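Inspection log for the structure reproduced underneath, given as structure tokens.
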């Protein structure tokens, strides 16, 4: 009997009898069905396959848990939780150019720390960038910053505001805000901000927020944003 | 009157909604704006008062820092 080049499926010879055609087609169909299933063993949403040690037979890998990363274990792919200290991009986006306020909501509490990277944010009028956690608007935010401009250095403090401030100077093209232990409940929430040009260091705290931070609202009292991007990163 | 827009990015689903501020958000927005203007005016007044005081004392800012240092 003749066979196909790649998968060795049995096909009728040129001299085979017509009366044996149905049987030959059935045999070929069964072979195709078996090979296809061996190459595509998926059964469930999110499954992926990889080549096994047997030729033309793939192994099914079921989807991992939320936050898992694809790694290699004993020479084959496997899902695994990120190692401690690993960073995962939770979400990223462009600062809305038709809005005066934007909120990142439903922040998962599965990480230890948060990092929010803001690149080249601009607004119609610079009245400073402000921040709220969990939508809390009570006058319980304390902020400070240290600024270096030309050859001078100065600092400012602001207590009992309805927002954290001193997070960014208009000359700072990149700002990175850290929220250590943001998911810890029962503890006050603090953070610090690092800029690239004028505000090398600032910080904020709100002792009345003891729940995990699940939303961060950023706004500017001068008007709408006009440019910028943001990336929220979770740290294990 | 048209209220300012607000954008909400759901980090779990990646859904982004941009809509007009609701009444409570708009009230807070106006309150923040008033506070920011008052804060700015207060800071500007402090700078003016400082300059006037230095002028009355007849010393420069650097000399004042030296005295306080």
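The values are calculated or read from the model by the stated rules, or taken from the named source; none is laboratory data. Quantities reported herein were computed from a predicted structural model and do not represent experimental measurements. Quick reminder, even Gly has a Cβ in these numbers, built from the backbone with ideal geometry, and neighbours come from all protein chains shown.
Taking (1) touching a strand residue (DSSP E or B) at 6+ places or on another chain (Cβ under 9 Å); (2) closer than 21 Å to residue A:128 by Cα in turn, residue B:41 satisfies each apart from (1).
Listed by position, the strands (runs of 3 or more DSSP E) enclosed by region A:118-161 that each have at least 2 residues that are within 11 Å of chain B (Cβ to nearest Cβ) are A:129-133, A:152-161. Looking at A:226, A:185, just one residue is surrounded by fewer than 16 Cβ atoms within 10 Å (Cβ to Cβ), at pLDDT 90 or above, in the same structural domain as residue A:111 (by TED's automatic domain parsing) and farther than 17 Å from residue A:132 by Cα, and that residue is A:185.
Of the residues that make up region A:102-111, is at least one in a strand (DSSP E or B), more than 14 Å from every other protein chain (Cβ to nearest Cβ) and in contact with a strand residue (DSSP E or B) (Cβ under 9 Å, 6 or more places away or on another chain)? Show your work before the answer.
Initially, region A:102-111 is screened for residues in a strand (DSSP E or B), giving A:102-105.
From the residues that got through so far, the ones that are more than 14 Å from every other protein chain (Cβ to nearest Cβ) too are none.
No, every residue in region A:102-111 fails to be in a strand (DSSP E or B), more than 14 Å from every other protein chain (Cβ to nearest Cβ) and in contact with a strand residue (DSSP E or B) (Cβ under 9 Å, 6 or more places away or on another chain).
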